[in-house]
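Below is one structure; the comments refer to it alone.
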DNA sequence: CTGTTAGCGCATTCAG
DNA sequence: CTGAATGCGCTAACAG
């Protein structure tokens, strides 16, 4: 059964291709009689419009390119869900690409997606460079950055207020009496890692605690690495009583290492995570963490993007949205 | 900067469109001199091929439709990662759609993806019906079912040996001395839930333990529901000493409920999960579970699909692959 | 209200 | 080795 085309339907209905097209797209200028006739033929014939042709002709594909760092990480998965739901609701499909935090893959993904003529991009940038994202901008393809942003270039973006998140977590620990707080950071080219560090520093400063370089460690987003690192750190006698981690995902690795070193949470060491992934509350020692509205972040980003795609944007300035995080206190502190 | 086309490049190079097309696609019949010239012009001009046009012309989109039940569930996320990696490696993009286990959404997704002319489908079917999947088959669009399969229709599929998984988990518990084993099942229209139940029953039978209907509960894949249900069950005095759950995801809900009811794992009640999602091993009481090769499942499914798309299929019969699971014993039993 | 014409960007005959 | 012509399936401008 090779696919039917408008021409086939037109022939069966004894009208022109144009008329069929009009009937199918609910355009005016078709008598309801011919329209009904066409529609019934379409229905019983099993005609399926070819969106490839439509996209080529109309110069819009109703498809969004979604470039995420790691779909198997529940943090990004939650964002992806928000994106997919929202896009679908507004009539768009998403082409999803994983970068594994590698800039080469991001670059490649951007290229292919431009070739496939996506109408816009949603990206959690790797941030090792931004040249290729700049090129998207220059091509005037709508674009929204998610969860991370660049200081150097202006773009639409939806981010978490990471400086505040870092501050809240740290200040809370300080108020619980902790003075030596280890921060397991993500890589600092990542804006969210950097800003959480800034929040951490500000909290220390406001409470007259001296910042110590050696209490900041990690600089990675890989749980496995952090687990190994943590085992080493415990042996270093750094004298910390609390740990703030870049993500819940990392906190899991940290806590496993700590437990294996026979330290008790929260008695020997308090742990605060970041993101509030679903699992955080289901742990045996539920994790105190900075709640981030991941689904909403995906949703808002998608809405901003589609608004721009469809020319509903107000003003010329990039649209940036910063979502406030919230500290969720559980049993790990 | 409106997009350049082959025509623009041809004009600049002083050759025909055809020649440019040939040069770009590494076809023979172009002198290396003109080819070099064209390539250098292409490079400096920033030409980007329009894959929409190419797809329309060639009747293939190099895009796969991926229809998953719930991308925010780490089990599906892991499969998705395997799919994306593999597809990307072989030059394909994926359009991802979530169904939330709702048949209506699956149906709608299938329709849109056919319209977008994906070259093939990877689907974890909701299984409340199969009419629309049948239609895909009738259209002769390549298709691979993942993690679940239908008895009623023949299709390519890659599944876990769920009967065996259910058996292994149950027999292990029996060998640990348990006789009253609660099975928190997924919905039984889902083939994997049904087969795990069958494995559970077979293990009981082989060990001369009477099967009891009331020890099978749940019939849902939602963690929240299971959590609530579990709290009720504990109060029912069902007298069970072990629980086998349909998924690690559900096990999390179950364990939380159990702990809140002051029962100890594994002393008061042993728990076995299914899937072995990454978190299972990072829990404070690491979870005994049936390991499923999720990434591989996605990978194999994608390879089978692309082989069929590209006509590399051997034989006419559907290609079905069953991956053996493995029991991973940890501290929850 | 309806049909004819043109063209989106590309790959592929077929002629030279 | 190269180019002119055709059409993938669709929508839009224009003419009736």
Practice task
Mind listing just one residue for me: the one in region B:60-88 that is facing chain A (nearest Cβ under 7 Å) and assigned to a loop (DSSP other than H, G, I, E, B) and, of those, farthest from the chain's Cα centre (by Cα)?
Solution key: B:61
Exercise for the section: Please state which one of A:52, A:110 is over 24 Å from residue B:135 (Cβ atoms) and in contact with a helix residue (DSSP H, G or I) (Cβ under 6 Å, 6 or more places away or on another chain). Expected result: A:110
Problem - Selection within region B:288-333 - more than 23 Å from residue B:148 (Cβ to Cβ) and surrounded by 20 or more Cβ atoms within 10 Å (Cβ to Cβ) - result: B:288, B:332, B:333
Exercise for the section: Could you check residue B:12 against (1) more than 14 Å from chain A (Cβ to nearest Cβ); (2) in a helix (DSSP H, G or I); (3) within 12 Å of DNA strand C (Cβ to nearest atom) and say which number it fails? Expected result: (3)
Exercise for the section: All but one of (1) surrounded by 14 or more Cβ atoms within 10 Å (Cβ to Cβ); (2) within 43 Å of the chain's Cα centre (by Cα); (3) farther than 29 Å from residue B:95 by Cβ hold for residue A:13, so report the exception by its number. Expected result: (2)
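With the structure loaded, tell me whether residue B:40 is away from DNA strand C (no atom under 14 Å from the Cβ) and either modelled with pLDDT under 90 or part of a helix (DSSP H, G or I) (or both) or whether it fails that test. If you could, list the steps in order and put the result at the bottom.
Values: away from DNA strand C (no atom under 14 Å from the Cβ): yes; either modelled with pLDDT under 90 or part of a helix (DSSP H, G or I) (or both): yes.
For residue B:40, the condition - away from DNA strand C (no atom under 14 Å from the Cβ) and either modelled with pLDDT under 90 or part of a helix (DSSP H, G or I) (or both) - is met.
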Completion exercise
Here the residues within region B:43-59 that are facing chain A (nearest Cβ under 9 Å) and assigned to a helix (DSSP H, G or I) are B:51, B:52, B:53, B:54, B:55, B:56
Practice task
Might you check whether a residue that is crowded, with 17+ Cβ neighbours inside 10 Å and within 14 Å of chain B (Cβ to nearest Cβ) occurs anywhere in region A:158-173?
Solution key: no
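I want to confirm something. Restricting to region B:18-37 and keeping residues that are part of a helix (DSSP H, G or I) and more than 29 Å from residue B:309 (Cα to Cα), which single residue is nearest to DNA strand D (Cβ to nearest atom)?
Within region B:18-37, the first condition is being part of a helix (DSSP H, G or I), and the residues that meet it are B:18-24, B:32-37.
Checking which are more than 29 Å from residue B:309 (Cα to Cα) leaves us with B:32-37.
Working: B:32: 7, B:33: 7, B:34: 4, B:35: 7, B:36: 10, B:37: 9 Å.
Per the criteria, the residue is B:34.
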Completion exercise
Apart from one, (1) more than 12 Å from DNA strand C (Cβ to nearest atom); (2) at pLDDT 90 or above all hold for residue A:58; the odd one out is (1)
Practice task
Output the residues belonging to region A:165-202 that are in a helix (DSSP H, G or I) and under 24 Å from residue A:302 (Cα atoms).
Solution key: A:165, A:191, A:192, A:193, A:195
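So, residue B:30, is that one within 16 Å of DNA strand C (Cβ to nearest atom) and either under 30 Å from residue B:112 (Cβ atoms) or buried (at least 22 other Cβ atoms within 10 Å of the Cβ) (or both) or not? Outline the logic, then answer.
Numbers: within 16 Å of DNA strand C (Cβ to nearest atom): yes; either under 30 Å from residue B:112 (Cβ atoms) or buried (at least 22 other Cβ atoms within 10 Å of the Cβ) (or both): no.
For residue B:30, the condition - within 16 Å of DNA strand C (Cβ to nearest atom) and either under 30 Å from residue B:112 (Cβ atoms) or buried (at least 22 other Cβ atoms within 10 Å of the Cβ) (or both) - is not met.
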Exercise for the section: Could you check residue A:125 against (1) in contact with a strand residue (DSSP E or B) (Cβ under 7 Å, 6 or more places away or on another chain); (2) part of a loop (DSSP other than H, G, I, E, B); (3) surrounded by fewer than 22 Cβ atoms within 10 Å (Cβ to Cβ) and say which number it fails? Expected result: (3)
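Quick one: is residue B:83 in contact (Cβ under 8 Å) with a residue 40 or more places away in the chain and either assigned by TED's automatic domain parsing to the domain that holds residue B:188 or farther than 25 Å from residue A:24 by Cβ (or both)? Explain how you work it out, then say what you get.
Details: in contact (Cβ under 8 Å) with a residue 40 or more places away in the chain: yes; either assigned by TED's automatic domain parsing to the domain that holds residue B:188 or farther than 25 Å from residue A:24 by Cβ (or both): yes.
Against the criterion (in contact (Cβ under 8 Å) with a residue 40 or more places away in the chain and either assigned by TED's automatic domain parsing to the domain that holds residue B:188 or farther than 25 Å from residue A:24 by Cβ (or both)), residue B:83 qualifies.
Take residue B:23 and decide whether it is away from every other protein chain (no Cβ under 14 Å), farther than 30 Å from residue A:62 by Cβ and more than 12 Å from DNA strand C (Cβ to nearest atom). Let's see the steps before the verdict.
Working: away from every other protein chain (no Cβ under 14 Å): yes; farther than 30 Å from residue A:62 by Cβ: yes; more than 12 Å from DNA strand C (Cβ to nearest atom): no.
So residue B:23 does not fit the description; no.
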Handout entry: Residue match in region B:89-107 (condition: away from DNA strand D (no atom under 16 Å from the Cβ), in a helix (DSSP H, G or I) and at the interface with another protein chain (Cβ under 10 Å from one of its Cβ atoms))
Key = yes
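The values are calculated or read from the model by the stated rules, or taken from the named source; none is laboratory data. Just so we're clear, the structure is a prediction, and the values are computed from it rather than from any experiment. Don't worry about glycine lacking a Cβ; one is built from the backbone with ideal geometry, like all the others, and counts go over all protein chains shown.
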